[in-house]
Every structure is written in C-alpha cells, then in structure tokens.
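Structure first, commentary second.
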Amino acid sequence: MFRGKSSPLFWWRDPGFLSRLLIPSAKLYSYFAARNMRTRIPLEIDLPVLCIGNFTLGGSGKTPVVISFAQTAGKLGYKPGILSRGFGGSFLDGAHVVDINKDSACFVGDEALLLAEYGTVVVSHNRYIGARLLKKIGCDLILMDDGFQSRRLYPDYALLVVDGMRGFGNGKVFPSGPLRAPLITQFCYTDSILVIDCGKKLPEIPGIPVFYAILVPLANGEVENKRFLSFTGIGNPKKFFRSVKVLGGMIEQERIFPDHHFFREFEVKDIAENARLNDLHIATTAKDYMRLRVNGLYRFLDKLIVFDIHVDFKSSNFCEKILEEVISRYKGRMRDGDLA
C-alpha cells in the first residue's frame with residue numbers, strides 16, 4: 001500500500017504512458033484487493049461502528065470529517081472512541097491508547113495525535129483488537145478512521161470521503177492509479193459518499209446517496225496581506241496552499257515534502273533561514289505541526305502560523321443524521337444476533 005510519499009501526478013490526470021505501463025501490476029493488485037473485500041468476513045463488536053474511509057490513496061479531507069463526527073457524538077452524549085492505524089508512526093503490535101502528553105508522532109503518527117485532541121484514540125493495525133480496547137476503556141461509539149478496504153471490523157455504516165477537486169483520479173487501481181480497489185467492488189460496501197470541495201464531475205454512482213461539504217480554512221494567527229514560505233508533508237499539498245491564499249496570505253515560496261514526512265533539523269533550519277533572509281512568515285498545517293513537535297523542531301521557526309480546516313456540511317445536521325442511522329443499524333444488528 002502506498003504510504004510515505006507524495007502521490008504521483010499521473011494518478012490525477014487522464015491515463016498516460018506511465019499509467020498504462022503499470023497496468024499489469026495494477027491488474028494483479030486489483031484482483032487481490034477485490035477478492036479480499038468480497039471474501040473476508042469482518043469481525044463484529046457489540047458497539048455501534050461508523051467507518052469513515054476513502055476510495056483512493058492520498059489526502060481526501062477525511063481527518064476533519066472524523067473530528068466533526070467526534071465533536072457531534074460528544075454533544076449527543078456519547079463517549080466516542082476513534083480507531084486509527086497510526087499511519088506514519090512506528091507502533092506495530094497490539095493496541096495503544098494515545099496520550100497527547102506523552103506520545104510522539106514518531107510513535108503513533110501525526111493523524112492520531114491530532115485526533116486525540118477531540119476524543120479517545122486507539123492505534124492498532126488490527127482494527128478488531130483496537131475496537132475491543134476502546135470498549136474496555138468505556139467508549140460507547142466507535143469512529144473507524146479508514147480501514148474500509150481491509151474489512152477486519154464490521155461497520156454498521158460506511159461513509160466514504162472524496163476530494164471533489166481530484167475525484168477518483170484517472171480511475172485506475174494502484175499502482176496505475178490512486179484507487180485502493182476497483183470502484184465497482186468498493187461501491188458494494190459503501191452506504192453513502194461525502195464529496196468535499198466539489199470541482200470535478202464524478203462518474204455516475206447508482207443507488208448510493210451523495211452528500212456535499214466544503215473545507216473552511218482556519219489559522220492560529222493573522223494571515224491577511226502577509227508573505228509566506230509555506231511548507232507541508234501531506235497527501236494533497238495544493239489544498240493547504242489554497243487555504244493560505246483564501247485567508248488572504250501571499251505565498252512566496254513553497255516546500256513540498258513526502259506525505260507523513262518527519263522533518264529533520266537541517267530541513268527546518270533551512271526553512272527558517274530562507275524565511276529570515278526574505279522576511280517571510282512561515283506557514284504549515286496542523287498535521288505537520290504534530291511532527292514538528294518531535295524533538296521540539298518547531299522552536300527554530302519564528303513567525304510560524306499553523307493552518308487547520310473545518311468541514312462545513314451542506315446538508316443540515318449531517319453528522320447527527322448519519323449517527324442516528326449508525327445507532328439504528330447497530331440496534332438492528334444486536335436484535336438479529338439475539339434471535340439467531
């Protein structure tokens with residue numbers, strides 16, 4: 001599975017030479033990915049489970065959606081537990097409750113640390129083991145961040161997030177394109193789709209409800225009319241750069257690093273020196289900032305402004321309605337289990 005590098009540009013364009021060159025590998029990957037989704041029987045846990053996933057590799061805006069659901073669930077009186085694989089971290093075995101005061105992004109991953117600001121987070125490569133730990137520590141609702149294609153934990157509802165500016169890319173399966181499995185197979189297990197920042201026309205999706213949202217940029221400082229050196233290591237850096245401009249900032253320099261990149265001291269010092277010489281403010285994302293906390297590298301960056309995003313759902317009470325459906329399906333699953 002593709003991780004740790006920025007996604008290839010040809011994934012997001014009409015199929016060309018490189019995409020066609022990789023078709024034999026893609027066919028093999030596609031076969032096994034589809035077979036896994038069709039034949040694996042996911043384990044069930046006696047808690048309601050909402051899976052928030054995506055069809056493609058690379059950033060889709062999924063993390064702020066998980067945060068929105070965690071916040072909504074808390075307001076509704078639930079104690080949500082967020083289940084993460086801990087991408088980018090070194091944690092490998094069992095399951096671990098994330099402690100934002102003790103854990104580093106190196107260990108649990110940047111996304112897990114960011115999510116831990118909004119709810120209890122467990123990182124585990126085995127989603128079922130992670131879910132059991134969340135239940136043990138008192139959570140009564142599970143938000144599964146990704147894990148849709150692996151089918152290791154049964155979701156009562158699967159919401160798939162699509163970056164509306166990228167869509168499904170070139171429509172090809174990895175490594176020929178960004179799809180994690182054939183679309184027709186993924187659609188079979190999808191309950192609804194959330195398109196964020198719609199800009200690219202999506203192919204027809206029969207029988208699956210489609211909802212829409214936009215990402216609203218936020219920053220921890222004044223942005224308007226400031227000149228920036230902007231740097232990031234996320235799946236879709238263009239979205240971050242667009243956020244800086246939407247808030248009125250002017251980007252003079254861009255630095256793009258691989259997805260989930262752990263910055264080294266010389267890289268951070270180079271950014272700081274370039275910003276100083278050109279009298280620029282420095283901009284990065286909340287995810288990148290979590291990785292800059294490793295070894296305190298953020299201390300080298302004067303005039304640093306951290307950017308985040310909030311999801312504005314077009315459908316009123318979107319999260320509440322989805323959670324109601326999750327609970328309803330969970331109760332039905334429990335009744336069916338009692339009658340079996």
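The values are calculated or read from the model by the stated rules, or taken from the named source; none is laboratory data. Treat the numbers as computed from the prediction; the structure is a model and nothing was measured. Neighbour counts run over all protein chains shown; Cβ positions are idealised from the backbone, glycine included. Keep in mind that these areas ignore ligands, DNA and RNA; they rest on the heavy atoms of the full protein, side chains included. Shrake-Rupley method; radii C 1.70, N 1.55, O 1.52, S 1.80 Å.
Condition check: open to solvent by 40 Å² or more (accessible area, probe 1.4 Å) and either more than 28 Å from C188 (Cα to Cα) or modelled with pLDDT under 95 (or both). Does K75 satisfy that? It would help to see each step written out before you state the result.
Values: open to solvent by 40 Å² or more (accessible area, probe 1.4 Å): yes; either more than 28 Å from C188 (Cα to Cα) or modelled with pLDDT under 95 (or both): yes.
Taking the combined requirement at face value, the residue satisfies it.
Does region 32-56 hold any residues that are more than 13 Å from Y189 (Cβ to Cβ) and surrounded by fewer than 13 Cβ atoms within 10 Å (Cβ to Cβ), and which are they?
Across region 32-56, the qualifying residues are F32, R35, D46.
Determine the pairs where a residue that is without any contact (Cβ under 8 Å) to a residue 12 or more places away in the chain and more than 19 Å from K287 (Cα to Cα), located within region 244-271, has a partner that is open to solvent by 40 Å² or more (accessible area, probe 1.4 Å) and assigned to a loop (DSSP other than H, G, I, E, B) with Cβ atoms under 6 Å apart, the partner being 6 or more residues away or on another chain.
Every condition considered, no pair remains.
Which pairs do you get when a residue that is hydroxyl-bearing (S, T, Y), found in region 163-186, comes within reach of a residue that is surrounded by fewer than 24 Cβ atoms within 10 Å (Cβ to Cβ), reach meaning Cβ atoms under 7 angstrom, with the pair 6+ apart or on two chains?
Close Cβ pairs satisfying both conditions: S176/S19; S176/L22; S176/I23; S176/A26; T185/A34; T185/M37; T185/R38.
Name, by its number, the condition in (1) open to solvent by 60 Å² or more (accessible area, probe 1.4 Å); (2) over 18 Å from the mean Cα position of the chain (by Cα); (3) at pLDDT below 95 that does not hold for K238.
Of everything listed in (1) open to solvent by 60 Å² or more (accessible area, probe 1.4 Å); (2) over 18 Å from the mean Cα position of the chain (by Cα); (3) at pLDDT below 95, K238 misses just condition (2).
Taking the criterion of being of a type outside the set (V, I, T), at positive phi, open to solvent by less than 10 Å² (accessible area, probe 1.4 Å) and touching a strand residue (DSSP E or B) at 6+ places or on another chain (Cβ under 9 Å), would at least one residue in region 157-175 satisfy it?
Of region 157-175, the ones of a type outside the set (V, I, T) are 157-160, 163-172, 174-175.
Applying the additional criterion that residues be at positive phi yields 167, 169, 171.
Checking which are open to solvent by less than 10 Å² (accessible area, probe 1.4 Å) leaves us with 167.
Retained after the next criterion (residues that are touching a strand residue (DSSP E or B) at 6+ places or on another chain (Cβ under 9 Å)): 167.
Checked region 157-175: at least one residue is of a type outside the set (V, I, T), at positive phi, open to solvent by less than 10 Å² (accessible area, probe 1.4 Å) and touching a strand residue (DSSP E or B) at 6+ places or on another chain (Cβ under 9 Å).
Just checking, how many residues over region 164-187 are under 24 Å from K321 (Cβ atoms) and out of contact with any helix residue (DSSP H, G or I) (no Cβ under 8 Å at 6 or more places or on another chain)?
Residues of region 164-187 under 24 Å from K321 (Cβ atoms): 164, 186-187.
From the residues that got through so far, the ones that are out of contact with any helix residue (DSSP H, G or I) (no Cβ under 8 Å at 6 or more places or on another chain) too are 164, 187.
Selection size over region 164-187: 2.
Which residue, of G147, G109, is touching a His at 6+ places or on another chain (Cβ under 8 Å), on the phi > 0 side of the Ramachandran plot and surrounded by 23 or more Cβ atoms within 10 Å (Cβ to Cβ)? Working first, answer last.
Numbers: G147 fails: touching a His at 6+ places or on another chain (Cβ under 8 Å).
The match here is G109.
Specify the residue that is farthest from K79 (Cα to Cα); the eligible residues are those in region 91-116 that are in contact (Cβ under 8 Å) with a residue 40 or more places away in the chain and of a type in the set (D, E, K, R). Quick ask: steps written out before the conclusion?
Step one: filter region 91-116 for residues in contact (Cβ under 8 Å) with a residue 40 or more places away in the chain, giving 97, 104-106, 109-111, 113-115.
The next check asks that each one be of a type in the set (D, E, K, R); those that pass are 110-111.
Numbers: D110: 22, E111: 20 Å.
The extreme case among them is D110.
Quick one: how many residues across region 282-324 are within 17 Å of the chain's Cα centre (by Cα) and open to solvent by 60 Å² or more (accessible area, probe 1.4 Å)?
The number of residues fulfilling the criteria is 3.
To keep it simple, each residue is scored yes or no on (1) modelled with pLDDT under 95; (2) over 30 Å from I256 (Cα atoms); (3) out of contact with any strand residue (DSSP E or B) (no Cβ under 7 Å at 6 or more places or on another chain).
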{"position": "F17", "(1), (2), (3)": "yes, no, yes"}
{"position": "L21", "(1), (2), (3)": "no, no, yes"}
{"position": "R35", "(1), (2), (3)": "no, yes, yes"}
{"position": "P42", "(1), (2), (3)": "no, yes, no"}
{"position": "V49", "(1), (2), (3)": "no, yes, no"}
{"position": "S60", "(1), (2), (3)": "yes, no, no"}
{"position": "P80", "(1), (2), (3)": "no, yes, no"}
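So which pairs qualify, if the first residue must be in region 201-223 and on the phi > 0 side of the Ramachandran plot, the second must be open to solvent by less than 60 Å² (accessible area, probe 1.4 Å), the Cβ gap must be under 9 Å, and the two must be at least 6 apart or on different chains?
From residues that are on the phi > 0 side of the Ramachandran plot, the pairs are G207/F187.
Return only the number of the condition from (1) crowded, with 17+ Cβ neighbours inside 10 Å; (2) under 23 Å from K172 (Cα atoms); (3) modelled with pLDDT of 95 or more; (4) of a type in the set (F, W, Y) that F69 does not satisfy.
Every condition holds for F69 apart from (2).
Look through S68, S25, S60 and report the one residue that is among the hydroxyl-bearing types (S, T, Y), in contact with a helix residue (DSSP H, G or I) (Cβ under 9 Å, 6 or more places away or on another chain) and touching a residue at least 60 places away in the same chain (Cβ under 8 Å).
Numbers: S25 fails: in contact with a helix residue (DSSP H, G or I) (Cβ under 9 Å, 6 or more places away or on another chain); S60 fails: in contact with a helix residue (DSSP H, G or I) (Cβ under 9 Å, 6 or more places away or on another chain).
Just one listed residue meets the conditions, S68.
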